[in-house]
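Okay, so here's the structure we're looking at.
The values are calculated or read from the model by the stated rules, or taken from the named source; none is laboratory data. Here the structure is a predicted model, which means the values were calculated and not measured. Cβ coordinates were reconstructed from backbone atoms using ideal geometry, including for glycine residues, and neighbour counts include every protein chain displayed.
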Amino acid sequence: MNSYLKLIRLPNLVIIALTQYVMRYFIIQPILGINGIKLQLSDWHFAILVLATVCMAAAGYVINDYFDTKADRINKKDVIVGRKITRRVALFLQQIIAAISVLLGAYISYKIGHWQFVFIFFMGGGLLWFYSTSYKYYFLLGSFLMAFLVATIPFLVVIYEIPPLNKTYAEVLIASKTNFNYLLYWVGAFSFFSFVGVLIAQFIRDLLSIKGDREILRQSLPIVIGVKWAKVVIILLILFLSVSVFGVWYQFLNAPLDQITPWYFGILIILPLFLLAYRIYQFSEGDKFKTGLFLIRFAILAGISYAFVVNYIVHKL
């Protein structure tokens, strides 16, 4: 059982589920509550959406390990498929989980009156399959694709919430000439942060997998442009993300009554990113770089967890 849990990356799946619940109950719900508006997607249907998302991710993890055994052996990673779980069983498991994801996605899409949304899960599952089989071998394509797919995780919450809101509050929206697009902006900020953060994490993993990537002929960032320039790209992305975080605070969240956000951003996001940039500067090929991976994961989780601060500020005001 432990091997199966490792194969589907259970801790990562828990984070995915928590991210979607945090977006719903600590961002969307309190912001809607300011205007006396309530969530319309039922808790049960939202749980189905989360399960569909988690299944899609789990299927992606399984198929990635299925096609990545050679590189994992070279990079001395824990190889599960082919050793602890047979390749036939792993492939069958991936197909079952992927099918469950699509079926659940189809059901919840039908319930909100937008059956075409099921193609999100078709496309997501398909992209994860082709990422594992081919896309990740191309220069930058795999890294950007993975960052994009992770960024859609919080965005799915608002995509599936807005149609029921529009239906219930149609008369109010027409009378006031407003819409719920502001929810897209709020959740979109978290998605953008996740996109850049995961892109940085992908490039860091490329630095750690150079040996295996060379063997399988993968055109990763450090292999194509060299370790030195790859480090420059990563540091520039870190600085870009730090400036973006500061810009969001200065432009949109710089309220006199909010004394929490500047300290939160400075200590829990920007400081770890600066420390990460310094560690990247020191990096040399062969470095295990556990500190660097911890810092980027910490910064990403801190960025998502800012939702708790938003919830507190909204209720306080």
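The residue that is farthest from Leu32 (Cα to Cα), among those in the range 223-241 that are in contact (Cβ under 8 Å) with a residue 40 or more places away in the chain, out of contact with any Ser or Thr (no Cβ under 9 Å at 6 or more places or on another chain) and surrounded by 15 or more Cβ atoms within 10 Å (Cβ to Cβ), is Lys231. Pairs needed: first member in the range 157-175, without any contact (Cβ under 8 Å) to a residue 12 or more places away in the chain; second member anywhere, surrounded by fewer than 20 Cβ atoms within 10 Å (Cβ to Cβ) and of a type in the set (Phe, Trp, Tyr); C-beta distance under 9 Å; at least 6 residues apart or different chains. These pairs meet every condition: Leu173/Phe180. Yes or no: the range 51-68 includes at least one residue that is aliphatic (A, V, I, L, M), at pLDDT below 95 and within 30 Å of Leu173 (Cα to Cα). There is no residue in the range 51-68 that is aliphatic (A, V, I, L, M), at pLDDT below 95 and within 30 Å of Leu173 (Cα to Cα).
For the range 3-27, the set of residues classified as touching a Lys or Arg at 6+ places or on another chain (Cβ under 9 Å) and either of a type in the set (S, T, N, Q) or exposed (fewer than 14 other Cβ atoms within 10 Å of the Cβ) (or both) consists of Ser3 only. One residue stands out among those in the range 193-220 that are of a type in the set (D, E, K, R) and modelled with pLDDT of 85 or more: the one that is surrounded by the most Cβ atoms within 10 Å (Cβ to Cβ), which is Asp206.
Looking across the range 266-284 at every residue that is hydrophobic (A, V, I, L, M, F, W, C) and without any contact (Cβ under 8 Å) to a residue 24 or more places away in the chain, the one that is nearest to His315 (Cα to Cα) is identified as Ile267. Note on the range 275-284: residues that are surrounded by 15 or more Cβ atoms within 10 Å (Cβ to Cβ) and of a type outside the set (Val, Ile, Thr) total 5.
Within the range 280-317, the set of residues being closer than 19 Å to Ser242 by Cα and at pLDDT below 90 comprises Tyr281, Thr291, Gly292, Leu293, Phe294.
Being at pLDDT below 90, among the hydroxyl-bearing types (Ser, Thr, Tyr) and in contact with a Lys or Arg (Cβ under 8 Å, 6 or more places away or on another chain) holds for only one residue in Tyr182, Tyr137, Tyr131, and it is Tyr137. Can you find a residue in the range 171-193 that is closer than 21 Å to Val243 by Cβ and touching a Gly at 6+ places or on another chain (Cβ under 8 Å)? Yes, because at least one residue in the range 171-193 is closer than 21 Å to Val243 by Cβ and touching a Gly at 6+ places or on another chain (Cβ under 8 Å). Looking across the range 130-156, the residues that are surrounded by fewer than 19 Cβ atoms within 10 Å (Cβ to Cβ), in a helix (DSSP H, G or I) and touching a residue at least 60 places away in the same chain (Cβ under 8 Å) come down to Thr133, Tyr137. Residues in the range 266-317 that are closer than 20 Å to Ser194 by Cβ and of a type in the set (Lys, Arg): Arg297 alone. Looking only at residues in the range 285-317 that are among the small types (Gly, Ala, Ser) and in contact (Cβ under 8 Å) with a residue 40 or more places away in the chain, the one that is surrounded by the most Cβ atoms within 10 Å (Cβ to Cβ) is Ala299.
Here's the yes/no breakdown for (1) within 17 Å of the chain's Cα centre (by Cα); (2) charged (D, E, K, R); (3) at negative phi:
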{"site": "Gly124", "(1), (2), (3)": "yes, no, yes"}
{"site": "Tyr135", "(1), (2), (3)": "no, no, yes"}
{"site": "Phe148", "(1), (2), (3)": "yes, no, yes"}
{"site": "Ala151", "(1), (2), (3)": "yes, no, yes"}
{"site": "Glu161", "(1), (2), (3)": "no, yes, yes"}
{"site": "Tyr169", "(1), (2), (3)": "no, no, yes"}
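Hey, could you check the range 16-44 for residues that are part of a helix (DSSP H, G or I), under 14 Å from Ile162 (Cα atoms) and not aliphatic (A, V, I, L, M) and say which is nearest to the chain's Cα centre (by Cα)? Filtering first and then ranking leaves Arg24.
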